[in-house]
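Let me give you the structure first, and then I'll get to my questions.
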Amino acid sequence: MSNLSVALLNYNGKTHLENFLPSVVQFSTGHDVIVIDNGSTDGSVEFVKTNFPSVRLITYSKNYGFCGGYNKALKELDHEFVVLLNTDVQVSEGWISPILKLMESDSSLAAVQPKILDLKKQTHFEYAGASGGYLDILGYPFCRGRVFHTIEEDQNQYQETQDVFWASGASLFVRRSAYFEAGGLDEDFFAHMEEIDLCWRFWNLGYKVKVCPESVVYHLGGGTLDKSSPRKTYLNFRNGLTILLKNEITSDLFWKFPIRLFLDWLAIVQFSILSGLPHGLAIIRAHFDFMRSIPSQIKKRKSVKRLSQNNPRYTGLVIWDYFIRQKKTYQKINP
């Protein structure tokens, strides 16, 4: 039996399964492909049973969300490594072997992502993960290949395998033992930015996270929520604050948090003008719900182990770099 499985979490995503599962099965030969179904009602389960009898199905009667679905399913698996793969990802030939070899050779590696390109514009990086993610001093995320809404063309400028602060949940290779040691995905997130929280906990435990651009996948994006959805804005802002409160060291939290809140409130104006009032209101709602969750998040914070502060976090402020200094790419921000 293979020591790696490819796990796709599905909720009413039959169309994505029809379009993308064939490439996963074709290019994952020798490894177990698993579809985890979160209570779909669109015929997804029947489609997999009929067309892909070699694919293992794990079915649940309700939607546990991205985090809850994976947490439940990974407890049922016994593979050393699991790929958490979005259902809207097209994989390429040989996508598994470079990362599997890397993780097998280094027991300190908890997570690795491939290079992620945009399925619709395959010459360019994809928004959700590009060639690995970083976090700035106030907890704002950005990627090698994507800073805010500036998405670079892939010219092999980020081709090195190297440490990153976080790896994208669109195609996330994890060491299952480290996954559970870190506590798995935080189910209060439901979806969006949960992988950043998990990777921060990996670093806190002394593990490493890398990107391996030798492996390439193509991501459609918007498979969980459309990019223009106010719900996506809400989750990104609420979860971004949660990540900071849960994981930041205490001495830094007291001065970073007020600044982060202030900048988020400035973002309300920007989002309302550029994306529409529903997005501005989504940020307000995100802050309100975050404030209500503070007591429970403080309890979680107490359980987070901080055995190491050795990580590749960016010590600058990406908002300042991007909007004031006009540094629009990762190479210019962090040369």
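Only the coordinates and a few stated rules stand behind these numbers; no lab work does. Note that the coordinates shown come from a computational prediction; the quantities given were computed from them, not determined experimentally. Don't worry about glycine lacking a Cβ; one is built from the backbone with ideal geometry, like all the others, and counts go over all protein chains shown.
Would you mind classifying the range 92-235 by shape? Square roots of the alpha carbon gyration tensor eigenvalues, ordered a ≥ b ≥ c; an a/c under 1.5 is rounded, otherwise it is prolate if a/b is larger than b/c and oblate if not. Mind showing how you got there, number by number?
Values: a/c = 1.60, a/b = 1.09, b/c = 1.47.
Taking the square roots of the gyration eigenvalues as a ≥ b ≥ c, the range 92-235 is oblate.
What are the extents of the Cα atoms of the range 251-303 along their three principal axes, listed from largest to smallest and rounded to whole Å?
Principal extents (largest minus smallest coordinate, Cα): 39, 21, 12 Å.
If you take every DSSP beta bridge fully contained in the chain, what fraction is antiparallel? Give it as a percent rounded to 5. Provide the component values of the computation, followed by the final result.
Working: 21 of 46 bridges.
Here the antiparallel bridges make up roughly 45 percent for the chain.
What is the set of long-range amide H partners of Val6 at a cut-off below 5 Å, with H atoms built 1.01 Å from backbone N?
Here the answer is Asp32, Val33, Ile34, Val83, since their amide H atoms fall under 5 Å of that of Val6.
Taking N as the number of residues in the range 197-288, what value does Rg over Cα atoms divided by 2.2 N^0.38 Å take? Intermediate results must be reported in sequence, preceding the final value.
On the way: Rg = 16.1 Å, N = 92, 2.2 N^0.38 = 12.3 Å.
So the Cα radius of gyration is 1.31 times the expected 2.2 N^0.38 Å.
Give the dimensionless ratio obtained when the Cα radius of gyration of the range 4-219 is divided by 2.2 N^0.38 Å.
Values: Rg = 16.1 Å, N = 216, 2.2 N^0.38 = 17.0 Å.
Against the compact-globule rule of thumb, the ratio is 0.95.
Phe148 versus Ser296, label points 7 Å from Cα toward the beta carbon: distance in nm?
Using points 7 Å along Cα→Cβ, the separation is 3.3 nm.
Something else: Take the Cα atoms of the range 1-73, build their convex hull, and give its volume per residue in Å³. Please list the in-between numbers first.
Details: hull volume 6.0 nm³, N = 73.
Taking only Cα atoms, the range 1-73 has a hull volume of 83 Å³ per residue.
I would also like to ask the following. In the range 233-335, what is the volume of the convex hull around the alpha carbon atoms, normalised per residue and reported in Å³?
Values: hull volume 11.7 nm³, N = 103.
For the range 233-335, the hull spanned by Cα atoms encloses 114 Å³ per residue.
With springs only between Cα atoms under 10 Å, which of Glu126, Glu160, Glu195 fluctuates most in a Gaussian network model of the chain?
Glu160
Go from 0 up to the bin containing the longest alpha carbon distance in the range 1-127, width 10 Å each, and give me the % of pairs per bin.
Calculated over all Cα pairs of the range 1-127, the distribution is 12, 43, 36, 9, 0 percent.
A follow-up question, please. Give a residue-ordered list of calculated ³J(HN,Hα) values for the range 118-125 (Karplus: 6.51 cos²θ - 1.76 cosθ + 1.60, θ = phi - 60°; whole Hz; x for Gly, Pro).
7, 4, 7, 9, 6, 7, 10, 5
Springs between alpha-carbon pairs under 10 angstrom, Gaussian network model over the chain: which of Leu77, Leu245, Leu185 fluctuates most?
Residue with maximal mean-square fluctuation among Leu77, Leu245, Leu185: Leu77.
Once phi is turned into θ = phi - 60°, what whole-Hz ³J(HN,Hα) does the Karplus curve with 6.51, -1.76 and 1.60 give for every residue of the range 161-177, x standing for Gly and Pro?
For the range 161-177, the Karplus curve yields 6, 7, 5, 10, 6, 9, 10, 5, x, 5, 8, 10, 7, 10, 7, 4, 5 Hz.
Also: Apply the Karplus curve 6.51 cos²θ - 1.76 cosθ + 1.60, θ = phi - 60°, to the phi angles in the range 272-279 and return the couplings in whole Hz, x for Gly and Pro.
4, 6, 7, 10, x, 4, x, 6
Subtract the Cα-Cα distance of Arg56 and Gln326 from 0.36 nm times their separation in residues, and report this length gain in nm to one decimal. Let's see the in-between values first.
On the way: separation 270, 0.36 × 270 = 97.20 nm, distance 4.87 nm.
My answer for the length gained is 92.3 nm.
For Tyr158, which sequence-distant residues (separation of 5 or more, or a different chain) have an amide H within less than 5 Å of its own amide H, given hydrogens modelled in the peptide plane?
Those qualifying (amide H under 5 Å, at least 5 residues apart or on another chain) number zero.
GNM on the chain, C-alpha springs below 10 Å: top fluctuator among Lys101, Lys14, Lys208?
Per the Cα network of the chain with a 10 Å cutoff, Lys101 tops the list.
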